[in-house]
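K.L.:
The structure's right below; bear with me while I get my questions together.
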Amino acid sequence: MKKIVAMLAVLLLGIIIGAGIGVTAGIQIEKMWQEKQETSGTTETPELPETTPTPEPTEPPELTQAPEPTELPDPTPTPEPTELPEPTPTTEPTKLPEPTPTTEPTKLPEPTPTSEPTPTPEPTPTSEPTEPPEPTPTSEPTEPPEPTPTPKPTKLPDPTETPVPTQKPVSETDKTMESGFYGPLHVEGTHLADAAGTPVQLRGISTHGLGWFPEYVNGAMMAQARQEWGCNLFRLAMYTAEYNGYCTSGTGQKENLKNIIDIGVQAAVEQNMYIIIDWHILSDSNPNTYKEEAKKFFAEMAQKYADVPNVLYEICNEPNGGTSWSSIKQYAMEIIPVIREYAPEAVIIVGTPTWSQDVDIAAADPITEYDNIMYALHFYAATHKENIQEKCKTAVRKGLPLFVTEYGICDASGNGGIDEASANRWIDLLDSCGISHAMWNLSNKAETSAMIQSGCSKTENLSESDLSSAGLWFVRMMKEAGLGSEEWVLPEQDAAGSTDTGTSGSSGQTEVKFPAMEELLEASDAISFSVSNSWRTEQGYGIQLDVVIKNPGNTEEHSWVREVTLKEGREVSISQCWCASVTLENGVLVIHPEDYNKNVPAGGEVRGIGIILEIK
Ligand code: IDC
């Protein structure tokens, strides 16, 4: 009998030890967070617990074999005539074939053109007649075109109920390592807030796709972003359907990607940063495309990081291709409860229609069933200007909590010219509303939005000369916000509103302006053009025209049409257009209206039409 009791005891002990080992890995990150809680207030950087299942950080998933061969020509040459009123150019007008294979030795080629029907949000006109300048209950842009002359000042007129803070809520305390991290966050009114209800604004950077550039997700890189640049936010952009995407690449890659996320989350805990896990839909347009995968993924993430307050969940990067808000909402209503089951308070960010630009539409019909929900607003400063800022203001006035989880200071292709003036206006607006933001992208890809020089192969410990113009702008912006280390001595600012070529994604580029629009076409009293952006392409120029249709007559004009004969001497083709349809035949541009802007009152105008031409 004694013998039996003794054997049972041994058996029991064995089971307990076994179970203990089993759960150890699972609770490591929670432990890290708890340990940090106990030691908070110090700036030391504790060692990561040795037992955490850290995957090889240096091993980018299968990235060695294919040195970027001849980059495929732009993956999205097909215009997308269907979607209106938001123009939907699907090309990346400024995206050149990757010119420098040497700079991305380890990268794999870009996804094939066919797989990316709609990678780039459209360049949009700088003023959009179809957007109401003032918030209106209807989100449909059917209003008569109304010129929206000047950009709004950065201070919003006080919204009805929810006050918009007019200054950076936490700029002073942000400066130190201990601060800038506020523990678990929640959403109050239009803001993120800490437990005491103090508004919190997060600022930082987004990775490029984890499948392309996993190597920048490492502790040292994130420590630098935090300690030297002042970032308290890091976004992990995990494409679902593009190259090495989560839903299109098989089980091994899924594990790779989750490992990279885990490295990021651990480093974020270590560095007192917040981190966004971004389900980066793009060519898959509608988040419902991979909804079941998304549910599984977010269940796993929320369970794993249930007690890690650093983690925010972004459930669909940029719905596009005409995906409606109601369709996004349906998706959100299935994903949110999955996350909530494990992480009941976690902040969840929902993408909005038209590449996360139509926050005004979301504001008209927000998700009311759950707390701590925010809405993504994305912009690319050289493309998206007052019209999208109006959407931002409209949404904030209606009390919608926004999060700019992605923005660029170049155009919507991620390439092209930098528009610093527009970028600064955007940042002023965000800061004046206390809206958190993350800049696209931390990589050395040869594109303007990449923060690192394409010739730089470092993945940590970057210096000034390793940064591209976009990277330098970012560090400068953070410094000007009172963040970032004084040790960063930045080169003189580029010429204000400088336009980079985008061919190298780096600094030192020369300004590119299309020499003379008058050589190409001429205005009349019925139509005028202005160049809102231009850039060099391999064979010539890309030029973005803002078009104004005028009616010099005394009677209202119905279903207007304009024909403009191009001057000889240049080979011109239409790359994109919006808010009108445009054809080019025998050297004549023929411009037809859309339904909503087909009438021009006597002496009036139609604005907001944009055309991108390629010129050789
Ligand atoms: C771009 C990358 C580019 C990549 C492409 C894939 O910068 O290197 O080839 O995606 O389609 C977004 C998207 C983001 C885009 C970025 C620039 O969220 O994935 O990245 N952009 O086009 N929305 C607006 C712009």
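Laboratory data are not the source of any read-out in this text; all were calculated from the coordinates shown. These figures come from a predicted structure and were not determined experimentally. Counting neighbours? That spans all protein chains shown, and the Cβs are built from the backbone with ideal geometry, glycine included.
K.L.:
Filter the cross-link list LYS393/LYS598; LYS329/LYS385; LYS393/LYS550; LYS445/LYS616; LYS567/LYS598; LYS258/LYS295 down to pairs whose alpha-carbon distance in this structure exceeds 20 Å.
P.N.:
LYS393/LYS598; LYS329/LYS385; LYS393/LYS550; LYS445/LYS616; LYS567/LYS598
K.L.:
Follow-up. Could you check the simple spin-label distance between ALA196 and GLU292, using points 7 Å along Cα→Cβ, in nm with one decimal?
P.N.:
Result for the modelled spin labels: 4.9 nm.
K.L.:
Let me see the pair-distance distribution of region 184-271: every alpha carbon pair, 5 Å bin width, integer percents in order.
P.N.:
3, 14, 21, 18, 16, 14, 10, 4, 1
K.L.:
Can you give the three extents of the C-alpha atoms in region 219-348 along their principal axes, from longest to shortest, in whole Å?
P.N.:
41, 32, 26
K.L.:
On to the next question. If neighbour count is taken as other Cβ atoms inside 10 Å, put ILE615, ILE367, ILE435 in order from fewest to most.
P.N.:
Result, fewest neighbours first: ILE367, ILE615, ILE435.
K.L.:
While we're on this one: Within the P(r) computed for region 374-445, what percentage of the Cα pairs occupies the region above 18 Å?
P.N.:
More than 18 Å apart: 32 percent of the Cα pairs in region 374-445.
K.L.:
To continue, here is another question. For GLU568 and GLN539, compute 0.36 nm times the residue count separating them, minus their Cα-Cα distance, and round to one decimal in nm.
P.N.:
Stretched out fully, the GLU568 to GLN539 stretch lengthens by 8.7 nm.
K.L.:
Quick one: length gained pulling VAL588 to LEU490 fully straight, 0.36 nm per residue minus the C-alpha distance? Don't skip to the end; give the middle numbers.
P.N.:
Values: separation 98, 0.36 × 98 = 35.28 nm, distance 4.78 nm.
Computed gain between VAL588 and LEU490 is 30.5 nm.
K.L.:
Let me ask you something else. For GLY484, list long-range residues whose amide hydrogen, built 1.01 Å from N in the peptide plane, is under 5 Å from its own amide hydrogen.
P.N.:
Long-range HN contacts for GLY484: GLY230.
K.L.:
Hey, fewest Cβ within 10 Å first, where do CYS579, CYS316, CYS456 land in order? Walk me through the numbers before you get to the answer.
P.N.:
Values: CYS579 26, CYS316 30, CYS456 18.
The most exposed by this proxy come first: CYS456, CYS579, CYS316.
K.L.:
Using the Karplus equation 6.51 cos²θ - 1.76 cosθ + 1.60 (θ = phi - 60°), what ³J(HN,Hα) coupling, rounded to whole Hz, does each residue of region 208-213 give in order, writing x for Gly and Pro?
P.N.:
Values per residue, Gly and Pro as x: 6, x, 4, x, 8, 10 Hz.
K.L.:
Another question, if that's okay. May I ask you to evaluate 6.51 cos²θ - 1.76 cosθ + 1.60, the Karplus curve with θ = phi - 60°, for each residue of region 587-599 and list the ³J(HN,Hα) values in order in whole Hz, giving x for glycine and proline?
P.N.:
Ordered by residue, 3J(HN,Hα) equals x, 10, 7, 10, 10, 10, x, 8, 4, 7, 10, 7, 10 Hz.
K.L.:
Karplus couplings for region 464-474 from phi (6.51 cos²θ - 1.76 cosθ + 1.60, θ = phi - 60°), rounded to Hz, Gly and Pro as x?
P.N.:
Going residue by residue, I get 3, 6, 7, 8, 6, 4, 5, x, 5, 4, 4 Hz, with x marking Gly and Pro.
K.L.:
Same structure, new question: Going by C-beta contacts inside 10 Å, put VAL396, VAL590, VAL200 in order with the fewest on the left.
P.N.:
VAL590, VAL200, VAL396
K.L.:
Here is a further query. In nm², what is the average projected area of the convex hull enclosing the Cα atoms of region 299-431?
P.N.:
8.3 nm²
K.L.:
Here's another thing I want to ask about it. Starting at 0 and stepping by 5 Å, how many percent of the alpha carbon pairs of region 508-616 end up in each bin?
P.N.:
Taking all Cα pairs of region 508-616, the binned fractions are 2, 12, 23, 24, 17, 11, 6, 3, 1, 0, 0 percent.
K.L.:
Same structure, new question: Please name whichever of GLY197, TYR243, VAL338 sits farthest to the positive end of the charge dipole of region 186-339, dipole taken about the Cα centre and charges placed at Cβ: Lys and Arg +1, Asp and Glu -1.
P.N.:
Most positive-ward Cα: VAL338.
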